[in-house]
1. With r as the distance between the Cβ atoms of residue 11 and residue 107 and R0 = 35 Å, compute the FRET efficiency 1/(1 + (r/R0)^6) and round to 0.05.
2. How big is the charge dipole of region 10-105 about its Cα centre, in debye rounded to the nearest 20, if each Lys and Arg gets +1 on its Cβ and each Asp and Glu gets -1 on its Cβ?
3. Given all pairs of different Cα atoms, what value in angstroms does the Kirkwood hydrodynamic radius of region 10-105 take?
Amino acid sequence: MGDFFEVDTGQLRSHAEHVNGVAGQADTALDAGHQITPGGFDIAYGLICQFFPPMLQPVEQRATDALQTTSDKLHNAVDNLDDTAQSYDTLDRNVTELIENILEELNRITIIDTPATPC
């Protein structure tokens, strides 16, 4: 027979759970990034350092955008892993059902005895 591979959907789901944990950490970091300055950058550094917030805002925005993208991608990966595991399980059930149906049909076939021909 040819080469084959086996997919353990339990491992796929386990990996999805692990990735989901990492996604949760990314969500926590994103939430923290939004809360760094509850009053906003305008009051974060006081009157003397008002020049500082405009310098930090672009960096903070890029970091927040990167965290948002990371979180989105991780959650997407979790969905894809779960969908893949479900697809494999569904395919396995369908193929098993087809093979069982074929076996049932084969069991119904009667072998017609043909007279033996002399040699």
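1. Numbers: r = 35 Å, r/R0 = 1.01.
That pair, residue 107 with residue 11, gives E of 0.50.
2. 780 debye
3. Values: mean 1/r = 0.0590 Å⁻¹.
Value: 16.9 Å, from the Cα pair sum.
Each reported figure results from applying straightforward, stated rules to the coordinates on display, with no laboratory input. Predicted model only: the values in this text are computed from it and were never measured. Ideal geometry is used to build each Cβ from the backbone, glycine not excepted, and the neighbour counts take in all protein chains shown.
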